[in-house]
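Notes follow once the structure below has been shown.
The values are calculated or read from the model by the stated rules, or taken from the named source; none is laboratory data. These numbers come from a predicted model, not from an experiment. Note: ideal-geometry Cβ built from the backbone for every residue, glycine included; neighbour counts use all protein chains shown. With ligands, DNA and RNA removed, areas are computed over all heavy atoms of the protein, side chains included. Shrake-Rupley method; radii C 1.70, N 1.55, O 1.52, S 1.80 Å.
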Amino acid sequence: MKQNDNLQLVSLVQQGDKHAEDLLVRRNTPLVWSMVKRFQGRGQEPEDLFQLGCIGLLRAAQRFDFSKNVQFSTYAVYMIIGEMKRFLRDDGLLKVSRSVKELAVKAKAAQEAIEKETGREAKMTEIAQRLGVDTEELAAVYTASRPPESLDAAVYKGKDGGQVSLLDTLPDDGAFDEEVVNCVTLKEAMKRLGERDRKILLLRFYQNKTQSEVSALLGISQVQVSRLEKKLLRQLRDHMIS
């Protein structure tokens, strides 16, 4: 998908063209699915995440500013990720497997039985032994069975007397978004290269081959490999910052 093709569709979307919306989604389906894969395994159906990604894509089209020096696909990735994250945050409750739930019930019953027999608080090692499981496994069950904490819940008071929420203590995950954007942009840039040029970069930076090894594999001189490598890295850099 060429950048200019995307921009033409984006322009039509901003004019209210519904056909352009459908076409934009169809042509950017691989991009949306690549973002879906980042969020799989969190208890949601991939198709649901895909629909959310398409919403993010269309919002990106509606809000895209042509005057800014940024590629549409780069901006769209942020919007797609944001839509999925917002849903996962709001949907929020932790999904616990049935086996974990069943073991938690058994652990509760074993705890009550031990405390009734001994007249004291049951130790985790005692509960684990009675159930025939490892202490580590039992500890994981207790952790998974706890109700999730609200991100807005106060964890302590700050020096100024104001409350500090759990959300305030979490690190900023912007690095993840930036990594995803860089990966997508790099993949797009690689697609613009010829087969031999892509092979040079893959051999050098993904398979860690030396320039001498690459020259032997491709049947060209080491000097040629060095010159091509520098040229290709400049091309990739120019594409990613343009």
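How large is the accessible surface per residue of the stretch 5-134, computed with a 1.4 Å probe and reported in Å² as a whole number?
61 Å²
Note down the nm distance, to one decimal, between modelled labels 7 Å out along Cα→Cβ at Trp33 and at Lys106.
Calculated label separation equals 4.1 nm.
Pop out the carbon and sulfur fraction of the accessible area of the stretch 1-70 as a percent, whole number, probe 1.4 Å.
It is 45 percent, rounded to a whole number.
Could you tally the net charge around Ala122, taking each other residue with its Cβ under 10 Å from the Cβ of Ala122, Lys/Arg +1 and Asp/Glu -1?
Details: positive: Lys116, Arg120, Lys123, Arg130; negative: Glu112, Glu115, Glu117, Glu121, Glu126.
Here the charged neighbours net out to -1.
Tell me, what is the 1.4 Å probe accessible area of Lys101, in Å² to the nearest 10?
In the full protein context, Lys101 sits at about 120 Å².
What does the charge count near Leu203 come to, summing +1 for each Lys or Arg and -1 for each Asp or Glu among other residues with Cβ under 14 Å from its Cβ?
So the surrounding residues net to +1.
If packing is taken as the average count of other Cβ atoms within 10 Å, what order do 68-79, 51-62 fall into, highest mean first?
Highest to lowest by the protection proxy: 51-62, 68-79.
For Arg227 and Thr74 in one chain, what is 0.36 nm times their gap in residues minus the Cα-Cα distance, to one decimal in nm?
Net length gain for the segment: 52.2 nm.
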